[in-house]
Amino acid sequence: MNAHTHGSLARVLHHLGGTLLDVVYDGARDTEDIGGIVIHDPVEDSAPTLHALVLGVGLRESGEIARVLGELGHRRAVALVVRAPVALDSRVAAAAKASGVGVLGLTRGASWVQITALLRAVLAEGDIGGDGPETLGGTLSGDLFAVANAIAALIDAPVTIEDRHSRVLAFSGQQDKADASRIETILGRQVPERFSRMLTSRGVFRDLYRSVGPVHIPPLEDEDGAGGPTVPRVAVAVRAGDEAIGSIWAAVREPLSPQRSSALRDAAKVVALHILRLRAGTDVERRLRADLMSTALEGGAGAREALSRLGLAGRPLVVMSLGLRDAADAGASVGEDASLTTERERLADALAMHLGAVHPHSAAALLGDTVYGLVPAQQDRDAGEERAVRIAADFLDRVGARTGAVIGIGPTCEDVSGLARARSGADLALRALRFEGASKRVARLADVHVEVLLCELRDIVAARGDEFTGPIARLAAYDKQRRANLIETLRAWLDAFGDISAAAAAVHVHPNTFRYRLRRLAEVGGIDLDNPEERFAAMLHLRVMPTNDHR
């Protein structure tokens, strides 16, 4: 395969055809470089890039598929992927022929998230950096899929290349010669947990990473009882010096000959070089992307060129700012700090993939402790921001609440000069979301304007070194000396708009006890709870006061 077809549909089908994708109708642009992976959205008319590979999520009816093919033909898309089975009736066939757009069927059981990740891995899109193709052992550097196919040809068996955590980095073709567990592994990009447990309990991983040669693994009986025993495996560790950095797994129905065992052992050395090169390339690309994002978001002299290199020049943009709500960086130990950094890098990579699936021209990078995203927007400012909110909410739903991630959305900027302001707005919205008591996970700056003002007021108080005085300060001092709960009582009463029963229930005391505490705090603090001005001052004071001042 030459360099020109490195990112073509032919390359995609070479790796994923027969396993995940079936050709329903050949297109006229199969050998063109794929310009990006785009999800078809029937609600929003977002034009895909030239030669896009379009994922037709939810497309079922022949008439609808034919209509979409016609639209994609005008935009010179390479192919449309729809869920199998695909009925190739006269309308779809005629539309595919007229448009020149190929039609592919996505196998049942594979999710759209999985196929998006696999497509991006196969295409290995490198939008920035890189001085040209570099080869290792006759294969493009870092192209583990090509290496996997070469190994499969040498030993005549389908293979996977995995990291130390049994995550699939690449796989060869002809996986249908293996078994159901191999297909499940490829779809999930991870060895299923039940098989991993069996391998661990049998000491397979221990033997694999201790051995210098291939290790034979007898068939495993699936705990689920579906599909019968697995096809036997032969695995070999991939090492960089003394460090085991991965492994190669081949599904074999008979033992390998000595020549093929030797070829597999030698192949592990080549795979090690590719994995190391891939690691280094990923780190370099991540740093380069971060530098370009930083330059663009500063909005200075180099911002226009940075946006151009990111593929975002000349477009209205929305800035996203992602952070971890519960990250206590100031007091974190070295181990906790490393864990937070790893989590942020993982979220940055995940956000980049998510944004890329939504819009081919987008970017994301980790700058400091914040992940920034740039998404092209529509001309309508409000519509662009609302769309960014939906994209961000969908992303957070996918990564789950466990991460504690929140995303602030800045105002839409029309050109480079507005990027710095848009970033500032996204940062302010993010800070409001991380403010104590915030319940939202995504918000525009306009949605949290009051919370932003409170954050800034707290900053002013801290910067000037002001000490709190007045009723709230007296209540806080009383609570500290007497281990009382007057501040808690006042906060609950104000939050409940003076409803004694609701406020008492919130602090888990009897209403009569709560009434006594309320009278007591009025006496100690010298506060008139019937005066609306004093109530407002108390509410503002409680919002601005640092939490540890009244513990």
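The sum of -39500 (n - 2.57) across all DSSP H runs of n ≥ 4, divided by the residue count of the chain, sets its helix-only mean residue ellipticity at 222 nm to -15000 deg cm²/dmol.
Taken over region 471-550, the alpha-carbon convex hull comes to 83 cubic angstrom per residue.
Look at the Cα gyration tensor of region 398-551: its axes a ≥ b ≥ c give a/c of at least 1.5 with a/b over b/c, and that counts as prolate.
Within the chain, which complete DSSP H helices have Cα atoms spanning at least 15 Å along the helix axis and a mean Kyte-Doolittle hydropathy of 1.6 or higher? Those that clear 15 Å and a mean of 1.6 are 144-155. Remark: relative contact order (region 135-279) = 27 percent; criterion is Cα-Cα distance under 8 angstrom and separation of 6 or more residues.
Plainly put, the chain has a radius of gyration that is 1.07 times its Kirkwood radius, both from alpha-carbon atoms, as the Rg/Rh ratio. Sorted largest first, the spans of the alpha carbon positions of region 299-462 along the three principal axes are 42, 33, 31 Å.
The coefficient of translational diffusion for region 135-279, derived via Stokes-Einstein from the alpha carbon Kirkwood radius under 10 °C and 1.306 mPa s, stands at 105 µm²/s.
The fewest-to-most ranking of W493, W112 by surrounding Cβ atoms within 10 Å reads W112, W493. Computed on region 3-123, the Cα convex hull volume stands at 90 Å³ per residue.
Among R11, R206, sorting on how many other beta-carbon atoms sit within 10 Å of each Cβ, with the fewest leading, yields R206, R11. Sorting Y516, Y25 from the fewest to the most surrounding beta carbons within 10 angstrom yields Y516, Y25. Calculate how many DSSP beta bridges within the chain are antiparallel, expressed in % of all such bridges and rounded to the nearest 5. Approximately 75 percent, going by the DSSP bridge assignments.
Since every read-out is calculated from the coordinates, none of them should be taken as a lab result. Please read all numbers here as calculations on a predicted model, not as lab measurements. FYI the Cβ positions are ideal-geometry reconstructions off the backbone, even for glycines, and counts take in every protein chain you see.
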